[in-house]
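Chemist: There's a structure below that I have some questions on.
The values are calculated or read from the model by the stated rules, or taken from the named source; none is laboratory data. All figures in this text were calculated on a predicted structure; none of them were measured in a lab. Using ideal geometry, Cβ is built from the backbone for each residue, glycine included, and neighbour counts are taken over all protein chains shown. For the accessible areas, the whole protein counts, side chains as well, though only heavy atoms, and no ligand, DNA or RNA atoms are used. Shrake-Rupley method; radii C 1.70, N 1.55, O 1.52, S 1.80 Å.
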Amino acid sequence: MFDAEETQWWYAGMRAISMALLGPALAPRPGKARILDAGCGTGHNLGHLSRLGRAVGVDLSDDALRYCRIRGVAAAKGSLLALPFPDATFDCVTSFDVLYHRWVADDRAAVAELARVLRPGGVLLVRVPALRALWGAHDEAVHSRHRYTRAEVKRLVHGAGLEVVRASYGNTLLFPLLAARRTLDRVTGRHGSDVAFLPAPLERAFRALLEMEARLIRRVSFPVGASVFALARRPSPPGASGPSGYNPPMETSPR
């Protein structure tokens, strides 16, 4: 991860989509928002989040925290089930491909904990792997517990008392290739993670497709994909705006 997440097509493309969803939510107060990346891994996303505010990470893995120190980013040890921060500390919380992990034994409790540290009006951005049909060798290698549908993620967010702003699948344009790859993995019995660099032309092409999705997702939600993104907001008291001044229309259905 440490070697790949700066430039490898999947990491760079997923980051572009995430920032396309998150940027407008924090744009009214550039640089002033307090941001938590919950399950920050080796910490590369913290550098990008720092462009939007004051970002700090938390992770349960000692190896991850060691790499965060190498990167020079701020991160503390802690679990999504017991974040080491007071209530209503952050304007924004992100969680990128963490809730699916076997270490997160109770995803409902984890989302409730993410909501707990959000200030009223604050925003949460969650990304998780999508669709049980895509289960394969990579999921086993990275200790997956579950792959989600969009409806499941929306129910998790609503269950924590948050309002859904956007919920969309992602990694949609490459979905047919990914589905074929996972089917082939099951047929051949391949083992191991998908995290690897492809030949340079494919790296450029796949990254360009995800960056195209990042431009599109500002306006449209995708009906299928290999990941689920959900942007949600903690309700503010009546008549008050959120800490960022951003009060977009909400999705009303948990389905």
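Chemist: Take the residues in the stretch 170-205 that are open to solvent by less than 40 Å² (accessible area, probe 1.4 Å) and touching a residue at least 60 places away in the same chain (Cβ under 8 Å); name whichever of them is farthest from the chain's Cα centre (by Cα).
Modeler: Step by step, filter the stretch 170-205, then rank; the result is 203.
Chemist: Follow-up. Within the stretch 130-147, count every residue that is acidic (Asp, Glu) and either open to solvent by less than 40 Å² (accessible area, probe 1.4 Å) or in contact with a His (Cβ under 6 Å, 6 or more places away or on another chain) (or both). Working first, answer last.
Modeler: At the first step, the residues of the stretch 130-147 found to be acidic (Asp, Glu) are 139-140.
In the following step, the residues that additionally are either open to solvent by less than 40 Å² (accessible area, probe 1.4 Å) or in contact with a His (Cβ under 6 Å, 6 or more places away or on another chain) (or both) were identified as 139.
Residues meeting the conditions: 1.
Chemist: Here's a check for you: in the stretch 212-239, which residue that is assigned to a helix (DSSP H, G or I) and farther than 25 Å from residue 136 by Cα is most open to solvent (accessible area, probe 1.4 Å)? Walk me through it before giving the result.
Modeler: First, the residues of the stretch 212-239 that are assigned to a helix (DSSP H, G or I): 212-216.
Within this subset, residues satisfying the condition of being farther than 25 Å from residue 136 by Cα are 212, 214-216.
On the way: 212: 80, 214: 10, 215: 137, 216: 62 Å².
The qualifying residue most open to solvent (accessible area, probe 1.4 Å) is 215.
Chemist: If residue 127 meets every condition in (1) touching a residue at least 24 places away in the same chain (Cβ under 8 Å); (2) of a type outside the set (S, T, N, Q); (3) open to solvent by 40 Å² or more (accessible area, probe 1.4 Å); (4) closer than 30 Å to residue 186 by Cβ apart from one, which number is that one?
Modeler: If we test residue 127 against (1) touching a residue at least 24 places away in the same chain (Cβ under 8 Å); (2) of a type outside the set (S, T, N, Q); (3) open to solvent by 40 Å² or more (accessible area, probe 1.4 Å); (4) closer than 30 Å to residue 186 by Cβ, just (3) comes out false.
Chemist: Within the stretch 156-166, identify whether any single residue is assigned to a loop (DSSP other than H, G, I, E, B), of a type in the set (Gly, Ala, Ser) and in contact with an Asp or Glu (Cβ under 9 Å, 6 or more places away or on another chain), and answer yes or no. Lay out the reasoning, then the answer.
Modeler: Restricting attention to the stretch 156-166, the residues satisfying the condition of being assigned to a loop (DSSP other than H, G, I, E, B) are 160-162.
If we keep only those that are of a type in the set (Gly, Ala, Ser) too, we end up with 160-161.
Pick out the ones that are also in contact with an Asp or Glu (Cβ under 9 Å, 6 or more places away or on another chain) and you get 160.
There is at least one residue in the stretch 156-166 that is assigned to a loop (DSSP other than H, G, I, E, B), of a type in the set (Gly, Ala, Ser) and in contact with an Asp or Glu (Cβ under 9 Å, 6 or more places away or on another chain).
Chemist: Is it true that some residue in the stretch 25-40 is over 25 Å from residue 158 (Cβ atoms), small (Gly, Ala, Ser) and open to solvent by 10 Å² or more (accessible area, probe 1.4 Å)?
Modeler: Yes, that holds for at least one residue.
Chemist: Next question, about the same structure. Could you tell me whether residue 167 is open to solvent by 20 Å² or more (accessible area, probe 1.4 Å) and out of contact with any Leu (no Cβ under 6 Å at 6 or more places or on another chain)?
Modeler: Working: open to solvent by 20 Å² or more (accessible area, probe 1.4 Å): no; out of contact with any Leu (no Cβ under 6 Å at 6 or more places or on another chain): yes.
Answer is no for this residue.
Chemist: Shifting gears a bit: Quick one: count up the residues across the stretch 17-60 that are farther than 24 Å from residue 214 by Cβ, touching a Gly at 6+ places or on another chain (Cβ under 8 Å) and of a type outside the set (Lys, Arg).
Modeler: Count: 3.
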